[in-house]
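Remarks on the structure that follows.
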Amino acid sequence: MCCSSLHIPTMIQNFDQQDYVSRCIWVNGPVIVGAGPSGLAISAGLKKQGVPFVVLERANCIASLWKNRTYDRLKLHLPKQFCQLPYFPFPDNFPEYPTKVQFIDYLESYAKHFEIAPRFNESVQSAKYDETCGLWQVRTSSTSGSNWGEVEYICRWLVVATGENAEKLVPEFEGLQDFGGSVMHACDYKSGESYQGKRVLVVGCGNSGMEVSLDLCNHKAIPSMVVRNSVHVLPREVLGRSTFELAVLMMKWLPFWLVDKILLIIARLLLGNIEKYGLRRPSMGPLKLKNTQGKTPVLDIGALERIRSGEIRVVPGIKRFSRGRVEFVNGENLEMDCVILATGYCSNVPSWLKDNDFFSEDGLPKTPFPNGWKGKAGLYAVGFTKRGLSGASMDAARVADDIARIWKTKQIECLMRCFSHF
């Protein structure tokens, strides 16, 4: 494709008795892919600096992961001051750990405040940099409403804000297709209300696996939680203060390794020896593990008490499934009614971003934090730090400032060229 395609007119043709619209749109600013918290944060930063942009979102709403793929009892795991987006704090009347509904309300207010209007139901099929023109070509498809068809956006900057959790991870297990009972990913789980009296296998022991297991207990189900690898479990609070906040405070004055040691001592004092319940701690400290491998420690909100009481049964890795049963690697064989896969999420960037060396095969920037926000040829990333909402906010501020600086320079150059003709 060459630059002349910027002038392609709208073409409408009859296709399967529907209007199939193919358009080419020039964007005098960046195209932002994703309207979750990361996409909203970078949009707000650009808005404040007067830079035009287009936000593309495959779902029909902002923050679709939070709205459509989270369980009802979910609350933010960290205090609200570590989760708010740039330039817009949480309301004072929100609790320290806002609920899912409150966080969604906050995001809706955020988008309204900064007048962010994403183009919903537009799924990016491909994004490729044209070296001849020095521009990005972003092709989308839509199957919604009267604009059913394809659109190609042309821009100088592309911001990838789809994040680390764009797609669910569903591992393969031998015999799962023969299990016969209900099998779902945690993104489709809402509440344990319909599981009363049922034997439920929860695969995964991260924050989601622990919370789903606890929710099942609260609804009188019989959960067993698969713990295949080692895991750090920390108390959510220490003497009424957030453990995360305490760690952040200590890191200002103490070396990294010492903060890890202190956190492990606190966990042992407050939670006891959790290894006797089948929860092995990693050899690497919780902060170092998070920093190097992106593995988040579990912040306990009550699941550990249920594990101690036996209401949540800890089981080892899965060997195979059979009709209504599961066999574990230790040879134990249990009957189960349902399976919930709390196996996490992954990036979907490799499926649509073409010919780039900025992202790895896993869909994450190859350059580690804090320098993984900027690639070549106007490519940027927001929300891939493995540091949650605070990391996304940091990236968003950097990206907005960088794009605004270049955009304003180009605007001045354009004006100078215009005046030179007079």
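Could you compute the FRET efficiency for residue 309 and residue 257, with r as their C-beta to C-beta distance and R0 at 45 Å, rounded to 0.05?
Working: r = 35 Å, r/R0 = 0.77.
Approximately 0.85, to the nearest 0.05.
Can you grab the distance from the C-alpha centre of segment 344-401 to the C-alpha centre of segment 165-239, Å, no decimals?
Each part's Cα centre sits 29 Å from the other's.
Could the peptides 308-315, 330-337 be put in order, highest first, of the mean number of other beta-carbon atoms found within 10 Å of their residues?
Working: 308-315: 15.9, 330-337: 12.6.
Most protected by this proxy first, the peptides run 308-315, 330-337.
Express the carbon and sulfur contribution to the solvent-accessible surface of segment 146-211 as a percent, rounded to the nearest whole number, probe 1.4 angstrom.
On the way: 1190 of 2770 Å².
Carbon-and-sulfur percentage of accessible area, whole number: 43.
Residue 359 accessible area, nearest 10 Å², 1.4 Å probe?
10 Å²
Could you provide, to the nearest whole Å², the per residue accessible area of segment 143-278 with probe 1.4 Å? Could you put the intermediate results ahead of the total?
Values: 6620 Å² over 136 residues.
Ligands and nucleic acids excluded, the figure is 49 Å² per residue.
GNM, the chain, Cα, under 10 Å: largest mean-square fluctuation among 139, 320, 119?
Looking only at 139, 320, 119, the biggest GNM fluctuation is shown by 320.
Please report the relative contact order for the chain, taking Cα pairs under 8 Å with a sequence separation of at least 6, and give it as a percent rounded to a whole number.
21 percent
In vacuo Debye scattering of segment 180-222, one point per C-alpha: log10 I(q)/I(0) at q = 0.32 Å⁻¹?
Log-scaled intensity ratios, in q order: -1.37.
How do 250, 225 stack up against each other in accessible area, from largest to smallest, with a 1.4 angstrom probe? Each step should come with its number before you reach the end.
Details: 250 25, 225 0 Å².
Most to least solvent-accessible, the answer reads 250, 225.
Please give the length that would be gained between residue 219 and residue 170 if that part of the chain were fully extended, namely 0.36 nm times their separation in residues minus their C-alpha to C-alpha distance (nm, one decimal). It would help to have the intermediate numbers written out before the result.
Numbers: separation 49, 0.36 × 49 = 17.64 nm, distance 2.53 nm.
Extra length from residue 219 to residue 170 when fully extended: 15.1 nm.
Return the subset of 47/168; 374/408; 80/198; 295/374 for which the Cα-Cα distance in this structure is over 25 Å, preserving the input order.
Numbers: 47/168 31 Å; 374/408 18 Å; 80/198 35 Å; 295/374 23 Å.
47/168; 80/198, as the Cα separations exceed 25 Å there.
Under a point spin-label approximation (7 Å from Cα along Cα-to-Cβ), what is the residue 184-residue 354 distance to one decimal in nm?
If labels sit at residue 184 and residue 354, their model points lie 3.8 nm apart.
Over segment 346-422, what percent of the accessible surface lies on carbon and sulfur atoms, probe 1.4 Å? Walk me through the numbers before you get to the answer.
Details: 2500 of 4260 Å².
The computed percentage sits at 59.
So what does residue 61 come to for accessible area, using a 1.4 Å probe and Å² rounded to 10?
20 Å²
Which FRET efficiency value, to the nearest 0.05, do you get for residue 49 and residue 194 by plugging their Cβ-Cβ distance into 1/(1 + (r/R0)^6) with R0 = 30 Å?
On the way: r = 49 Å, r/R0 = 1.62.
Efficiency, from the Cβ-Cβ distance: 0.05.
Leaving ligands and nucleic acids out of the surface, order 395, 300 by accessible area at 1.4 Å, largest first.
On the way: 395 5, 300 30 Å².
Solvent-accessible surface, decreasing: 300, 395.
Using a ≥ b ≥ c from the Cα gyration tensor of segment 295-359 (square roots of the eigenvalues), is it rounded, prolate or oblate, where a/c under 1.5 gives rounded and otherwise the larger of a/b and b/c decides, a/b for prolate?
Details: a/c = 3.20, a/b = 1.66, b/c = 1.93.
Oblate.
Using square roots of five times the C-alpha gyration tensor eigenvalues, list the equivalent-ellipsoid semi-axes of the chain in whole Å, biggest first.
On the way: eigenvalues 364, 144, 71 Å².
In descending order the semi-axes read 43, 27, 19 Å.
Report the extension gain between residue 362 and residue 265 in nm, rounded to one decimal, defined as 0.36 nm multiplied by the number of residues separating them, less their alpha carbon distance. The partial results should precede the final answer.
Numbers: separation 97, 0.36 × 97 = 34.92 nm, distance 3.44 nm.
Full extension of this stretch gives 31.5 nm more.
Are there any helices in the chain, counted as whole DSSP H runs, that stretch 18 Å or more along their axis by Cα and score at least 1.0 on average by Kyte-Doolittle, and if so which? Don't jump to the answer; show the numbers that get you there.
Details: long enough: 100-113 (20 Å, -0.56); 256-271 (22 Å, 2.02); 388-419 (46 Å, 0.10).
TM-like helix candidates: 256-271.
Per DSSP H run of at least 4 residues, take -39500 (n - 2.57); add these up for the chain, divide by its residues and hand me the 222 nm value, nearest 500 deg cm²/dmol. Don't jump to the answer; show the numbers that get you there.
Numbers: 9 runs with 115 residues, N = 422.
So the helix-based figure for the chain works out to -8500 deg cm²/dmol.
Mind running the shape call on segment 122-171? Use the C-alpha gyration tensor, a ≥ b ≥ c as the square roots of the eigenvalues: rounded below 1.5 for a/c, prolate if a/b tops b/c, oblate otherwise. Before the final figure, lay out each step's value.
Numbers: a/c = 2.66, a/b = 1.22, b/c = 2.19.
In terms of gyration-tensor shape, oblate.
The values are calculated or read from the model by the stated rules, or taken from the named source; none is laboratory data. All of these numbers come straight from a predicted model, not from anything done at the bench. Backbone-built Cβ (ideal geometry, glycine too); neighbour counts: all protein chains shown. Keep in mind that these areas ignore ligands, DNA and RNA; they rest on the heavy atoms of the full protein, side chains included. Shrake-Rupley method; radii C 1.70, N 1.55, O 1.52, S 1.80 Å.
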